[in-house]
Amino acid sequence: MTDYYEILGVPRDATPEQIKKAYRKLARELHPDVAGEAGEDRFKDVARAYEVLSNPDKRQQYDMGVDPTSPGGGAGGGFGAGFGFQDIFETFFGGGQPTGPVPRARRGNDALVRLDLELSEAVFGAKREIQVDTAVVCNTCGGDGARPGTHARTCDVCQGRGSVQRVARSFLGQVMTNQPCSACGGFGTVIPEPCTDCSGEGRVRSRRTISVNVPAGVDTGTRIKLSAQGEVGPGGGPAGDLYVEIRERAHDTFVRRGDELHCTLQVPMTAAALGTVLELDTLDGLQEIDLRPGTQPGQVMTLKGLGVGHLHSAGRGDLNVHIEVQVPMGLDEEQTALLQQLSVLRGEERPESRLASVQGGVFSRLRDKLSGR
């Protein structure tokens, strides 16, 4: 008795879904349009195996040693109930997909370019011009692909339908299928005299200059979308979109953390102890820093609204100035004597070592800053 399980390549305990899936796969591979007449006999075997194994009653008979398709074996022979004509049509015809000519004009691909910015441009926004190499509409033919003075004409093979019908033999008899027309590529028209500049594509490569408005607050990785500024499609079809990806250059003085800016201000020990007013050169110009008496190393002074502009809202972040106190080196005799007198006045000529508490110290302030407190 023929082993139908082996023909479909499924185990004897295969589920109906496994049987159906295996049948569809083999039916596509062995269809006469694909395998030719050489696969016709095996195609019939596969169909017969599916007829039996897809029908619960016939499968039960077969598992008991009776082939229901053989003469006198079981009720009914040939391709009866359970054969699955709907499955066959879905396999052969793709579930009734619509046919028709394919339009020559199609949307173009999106394009991506990268733009390097200075920190100040990211802070305040900028207007930049970039050079892009993309496909544009061919000026010679206007996008239709035909040499000037000529036009595309209807395909003589498919008569403008874009597809042709083909009749093939199968176990069901003659089966009619639709296939793309090889003469016109499925377009329904042919271009007898293609444009010499674009070779019938309707588009050519060109370098062009595009103006980009960069909003304040962009950062490395931010993408700006320019609609319909990408690749023009084949046949002069609509252009895709152009994406401008931002890369921000590192700054010599300021470090960016989100919308906050950070810098380090070095001050003499005497200025930190006595207090003073200093000028700080920021991205907004010179700003006065009021250094209070007793300013400690690592202290952070915040200048509100001098950071990076918010990308999706009004306002700006802050500028955080980290104080670095410089201890004098290379003192002369007079300077040394003065500092010794100061240490005596403050009772610090023989200071005792003392560990600082982690609460309220420089490490605590740094931790609070990083955690946003």
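The values are calculated or read from the model by the stated rules, or taken from the named source; none is laboratory data. All figures in this text were calculated on a predicted structure; none of them were measured in a lab. Heads up, the Cβs are rebuilt from the backbone with ideal geometry, glycines too, and the neighbour counts pull from every protein chain shown. The accessibility values were calculated without ligands, DNA or RNA, using every heavy atom of the protein model including side chains. Shrake-Rupley method; radii C 1.70, N 1.55, O 1.52, S 1.80 Å.
Taking the stretch 249-272 on its own, how many of its residues are in a helix (DSSP H, G or I) and open to solvent by less than 60 Å² (accessible area, probe 1.4 Å)?
2
Rundown of residues vs (1) in contact with a helix residue (DSSP H, G or I) (Cβ under 6 Å, 6 or more places away or on another chain); (2) hydrophobic (A, V, I, L, M, F, W, C); (3) in a loop (DSSP other than H, G, I, E, B), yes/no style:
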position: PHE187; (1), (2), (3): no, yes, yes
position: PRO192; (1), (2), (3): no, no, yes
position: CYS198; (1), (2), (3): no, yes, yes
position: VAL204; (1), (2), (3): no, yes, no
position: THR209; (1), (2), (3): no, no, no
position: VAL212; (1), (2), (3): no, yes, no
position: VAL218; (1), (2), (3): yes, yes, yes
position: GLY221; (1), (2), (3): no, no, yes
position: ILE224; (1), (2), (3): no, yes, no
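Would you confirm whether or not the stretch 205-224 contains a residue that is in contact with a Phe, Trp or Tyr (Cβ under 6 Å, 6 or more places away or on another chain), more than 18 Å from PRO103 (Cβ to Cβ) and open to solvent by 60 Å² or more (accessible area, probe 1.4 Å)?
Yes, the stretch 205-224 contains at least one residue that is in contact with a Phe, Trp or Tyr (Cβ under 6 Å, 6 or more places away or on another chain), more than 18 Å from PRO103 (Cβ to Cβ) and open to solvent by 60 Å² or more (accessible area, probe 1.4 Å).
Please identify the pairs in which a residue from the stretch 270-282 that is free of Cβ contacts under 8 Å to residues at least 12 places away in the same chain has its Cβ atom under 8 Å from the Cβ atom of a residue that is of a type in the set (A, V, I, L, M, F, W, C) and in a strand (DSSP E or B), counting only partners at least 6 apart or on another chain.
Note: pairs meeting the criteria are GLU279/LEU286; GLU279/ILE289.
Any residue at all in the stretch 4-21 that is under 30 Å from VAL232 (Cβ atoms) and at pLDDT 80 or above?
Among the residues of the stretch 4-21, not one is under 30 Å from VAL232 (Cβ atoms) and at pLDDT 80 or above, which makes the answer no.
Checking THR177 against (1) at pLDDT 85 or above; (2) open to solvent by less than 40 Å² (accessible area, probe 1.4 Å): exactly one of these is not met. Which one?
Among (1) at pLDDT 85 or above; (2) open to solvent by less than 40 Å² (accessible area, probe 1.4 Å), THR177 violates only (1).
Do you know which residues across the stretch 110-162 are open to solvent by less than 80 Å² (accessible area, probe 1.4 Å), of a type outside the set (A, V, I, L, M), in contact with a Lys or Arg (Cβ under 8 Å, 6 or more places away or on another chain) and under 14 Å from ILE210 (Cα atoms)?
THR134
Looking for whichever is open to solvent by 80 Å² or more (accessible area, probe 1.4 Å) and at pLDDT below 90 here; the options are SER170, SER182. Which one fits?
SER182 is the lone residue from the list that is open to solvent by 80 Å² or more (accessible area, probe 1.4 Å) and at pLDDT below 90.
State which residue is farthest from PRO215 (Cα to Cα) when the search covers only the stretch 311-333 and only residues that are modelled with pLDDT of 95 or more and open to solvent by 60 Å² or more (accessible area, probe 1.4 Å).
GLU324
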